1. Could you identify the single residue in A:L458, A:L442 that is more than 15 Å from A:S644 (Cβ to Cβ) and touching a residue at least 24 places away in the same chain (Cβ under 8 Å)?
2. Please enumerate the residues belonging to segment A:129-150 that are more than 10 Å from chain B (Cβ to nearest Cβ) and not in a helix (DSSP H, G or I).
3. Looking at segment A:719-727, can you tell me whether even one residue there is crowded, with 24+ Cβ neighbours inside 10 Å and either in contact with a Leu (Cβ under 7 Å, 6 or more places away or on another chain) or among the basic types (K, R) (or both)?
4. Could you list, in sequence order, all residues of segment A:612-634 that are crowded, with 24+ Cβ neighbours inside 10 Å, at pLDDT 80 or above and of a type in the set (S, T, N, Q)?
5. Kindly establish whether A:G483 is buried (at least 21 other Cβ atoms within 10 Å of the Cβ) and not assigned by TED's automatic domain parsing to the domain that holds A:N633.
6. Pull up segment A:366-401, narrow it to residues that are of a type in the set (V, I, T) and part of a helix (DSSP H, G or I), then point me to the one that is farthest from A:N695 (Cα to Cα).
7. What is the number of the single condition among (1) under 30 Å from A:D216 (Cα atoms); (2) charged (D, E, K, R); (3) assigned to a loop (DSSP other than H, G, I, E, B) that A:R683 does not meet?
8. State the number of residues belonging to segment A:449-504 that are under 23 Å from A:G664 (Cα atoms), among the β-branched types (V, I, T) and part of a helix (DSSP H, G or I).
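The values are calculated or read from the model by the stated rules, or taken from the named source; none is laboratory data. Keep in mind it's a predicted model, so treat the numbers as computed, not measured. Methodologically, a virtual Cβ is constructed for each residue, glycine included, from the backbone with ideal geometry; neighbour enumeration extends over all protein chains shown.
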Amino acid sequence: MAVVEDFGRAPISACPACAVVPAAERIAALRAERDGRIMLSLPLAHCAACISSVEAALSAVPGVRSARVNLTRKRVSIEAASDVTAAFLIEVLAAEGQEAHELDPGLLSTTETDRQGRDLLMRVGVAFFSMMNVMLLSVAVWSGAEDATRDLFHWISAAIALPTVIFAGQPFFKSAWASLRVGRLGMDVPISLALILASSISVYETWMSGHHAYFDAAVMLAFFLLLGRYLDHRTRAVARSAAEELAALEVPRATVLEDGVEVERTISAILAGDLVLVRPGARMPVDGVVIKGASEVDRSLLTGESLPVWAGEGTLVSAGEVNLTGPLTVRVTAAGKDSSLHRMADLVAVAEGAKTRYTSLADRAAKLYSPLVHILSFSAFGYWMWATGGDLRYAINISAAVLIITCPCALGLAVPAVITSASGKLFRKGLLIKHGTALERLAEVDTVVFDKTGTLTLGMPEPVALMDHPQDAVAVAAALAAGSSHPLARALAEGARTENVMLAEVTDIREVPGHGIEGIWQGTRVRLGRADWCGAAPVAATATYLSLTGKTHAFTFSDRPRPGADKAVAALRAAGMKIELLSGDSPAPVRALAERLGIADWRAGVLPAEKAARVAELSAAGHKVLMVGDGLNDTAALAAAHVSISPATALDAARVASDIVLLGQDMAPIADAVRIGRQSARRMIENFVISGGYNVIAVPLALVGMATPLAAALAMSLSSITVSLNAMRLK
Amino acid sequence: MEILVILIPVSLLLGGIGLAAFFWAMRTKQFDDPDGDAQRILTKDWDDRPKP
């Protein structure tokens with residue numbers, strides 16, 4: 001039973017990257033075991049048509065045995081032969097218009113949390129059954145059953161209620177015991193006390209043929225509180241799995257060259273001085289110096305630079321960069337703990353240590369409430385002992401009534417109901433809330449800091465004014481670009497395809513790693529690639545160059561803004577937020593984007609430590625910062641911010657460090673998140689006021705000894721229902 | 001009031017049947033995808049013949 005810590009949360013790792021590495025290893029082991037199972041996340045699935053198109057498309061793939069969509073969790077689980085890869089299925093779904101991401105098939109952990117959830121739900125069901133039956137009998141007593149009939153009804157109620165309280169109350173008893181043992185007065189102590197006191201005093205009263213028995217109250221208490229506990233558990237189960245959920249795409253392995261033989265090794269077993277082979281498309285596992293090969297590397301996740309950088313013999317590379325065009329052999333200068341990836345993780349640890357632990361509204365309320373309830377109940381007991389001259393039975397009856405009425409039924413529901421309702425709303429919009437208090441923190445935000453590459457932009461270049469170039473040039477460039485996997489070449493080919501350009505007939509196309517592509521067109525050599533290689537004068541923008549019959553053309557690119565980025569920025573500004581753009585990229589593209597989105601406050605060439613420092617500076621000035629970023633260079637800032645959001649395409653470390661993950665490509669939900677966060681914080685406070693209001697009316701009644709079981713039942717059910725309805729009002 | 005001898009066991013029995021049905025539904029994972037199940041009845045996929 002993990003409900004030991006009453007309002008506890010999923011543990012936060014002090015160093016996200018450290019948390020990722022063992023997770024990734026575990027995933028790798030898991031994959032080897034049951035390679036027939038693939039889980040994909042479908043952030044955009046929402047209707048019956050989505051279900052049938054996804055299932056039909058996947059079932060049509062040879063090797064797929066079954067595909068089943070779970071719309072509630074927006075994922076599809078696929079049983080398939082081991083040669084079917086997730087990447088291929090994602091492409092199949094993309095052709096159907098469904099965005100999909102690979103998920104960690106960490107089935108072991110999901111079934112484990114499911115088992116706990118089911119266990120709680122079972123207790124809820126049992127408590128509900130008993131509540132209904134006991135209530136049926138209680139209504140008869142309230143409406144005037146007398147003597148033997150009343151006693152009989154009380155005995156039957158006892159027979160139903162006692163086993164129920166013992167079975168359904170276990171989560172509370174266990175956690176109350178755990179908190180008492182460490183000398184704390186948790187929320188579950190008064191709850192357990194009320195359950196035990198209410199049941200035992202009712203048994204005693206029944207034995208003595210008394211008029212009042214609280215069996216219905218005990219069972220109802222158990223039901224409402226379990227319901228709140230279950231909602232809380234569900235939110236936290238999502239939070240716990242979220243980090244594991246989005247697959248750790250890079251398994252920490254590298255290809256090492258030992259005397260010219262390629263050997264697969266885990267990164268922890270690599271030493272400085274080893275030779276590592278990095279294929280095109282792979283991520284650098286270590287820091288090192290290139291000793292063979294030429295290529296271009298994408299540093300955007302580390303630094304935010306959108307333009308790939310040339311790498312050849314002697315170039316220094318760091319862990320985390322992506323090799324783009326040609327194979328590279330790297331001599332390791334630092335691996336593991338000494339690598340730049342790890343230094344970045346240390347930075348995160350420092351930022352997280354400095355982050356003040358946020359106490360949630362529920363925690364603060366519980367801290368006030370718990371002692372108050374005990375004091376009230378005990379002083380009622382003391383007073384009536386004195387006033388009646390030692391009538392123990394009467395005094396205990398009163399203090400039990402006080403405990404039952406003050407018991408935080410509505411309080412236990414007030415926050416979980418709002419959080420469940422809000423995270424459900426946001427999940428439907430494509431946002432995954434990883435952290436229980438993220439919504440409350442989101443409500444306080446007044447400054448938003450964005451990263452550029454990969455966050456406000458997709459990190460995908462698109463050609464600017466392609467058709468302004470001569471038709472020949474475009475046709476040749478597109479033909480050359482079609483053969484390359486370089487991001488700029490792919491963007492150029494894609495742009496030409498959408499403009500319906502007829503490809504020129506270029507023969508002998510060959511890619512020169514690190515430089516570009518060349519071929520023969522109408523008997524002359526044509527080249528597409530870097531400026532110096534094509535003999536062109538470089539322009540001050542992201543560009544690729546074409547040398548064609550003695551002339552050169554520069555194709556410029558701009559990074560495509562994420563869909564909804566302009567809407568999100570405009571809506572946040574309308575909500576009164578201060579918006580900043582911090583990017584590691586060079587000034588020209590940053591300025592272009594800032595102007596396009598209307599962000600006045602931008603900085604370019606910002607180092608990772610400077611980003612975190614800027615966030616810390618804003619926090620020190622009393623601002624509550626929302627950081628939105630995706631790269632490793634943002635991780636420290638994400639951890640330092642009051643609350644943080646990262647897209648699903650972000651690096652693992654960034655996703656782990658952030659509180660909310662944006663599942664889809666569209667960015668517009670971020671503005672909704674802030675709005676819903678503010679609304680839900682307001683609803684939580686309203687709920688506290690409502691349940692407090694019921695107590696203000698009912699507690700004095702109980703204290704003077706006028707509370708009947710009927711009054712307790714009314715107060716309890718009315719306040720619980722009102723707070724749940726209030727939580728549903730979220731729009 | 002003699003009718004109570006019958007009515008109380010009957011009401012408990014009916015409640016017990018409900019509880020048993022709930023246990024069955026939990027055990028067979030009927031609550032795993034409420035949204036999906038709500039949508040699935042709208043698809044026309046297996047309208048003409050049952051799913052093999």
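1. Details: A:L442 fails: more than 15 Å from A:S644 (Cβ to Cβ).
Answer to the selection: A:L458.
2. Selection gives A:S143, A:G144, A:E146.
3. yes
4. none
5. Values: buried (at least 21 other Cβ atoms within 10 Å of the Cβ): no; not assigned by TED's automatic domain parsing to the domain that holds A:N633: yes.
No.
6. Restricting attention to segment A:366-401, the residues satisfying the condition of being of a type in the set (V, I, T) are A:373, A:375, A:388, A:396, A:398.
Those left that are additionally part of a helix (DSSP H, G or I): A:373, A:375, A:396, A:398.
Numbers: A:V373: 11, A:I375: 15, A:I396: 20, A:I398: 15 Å.
Here the answer is A:I396.
7. (3)
8. 2
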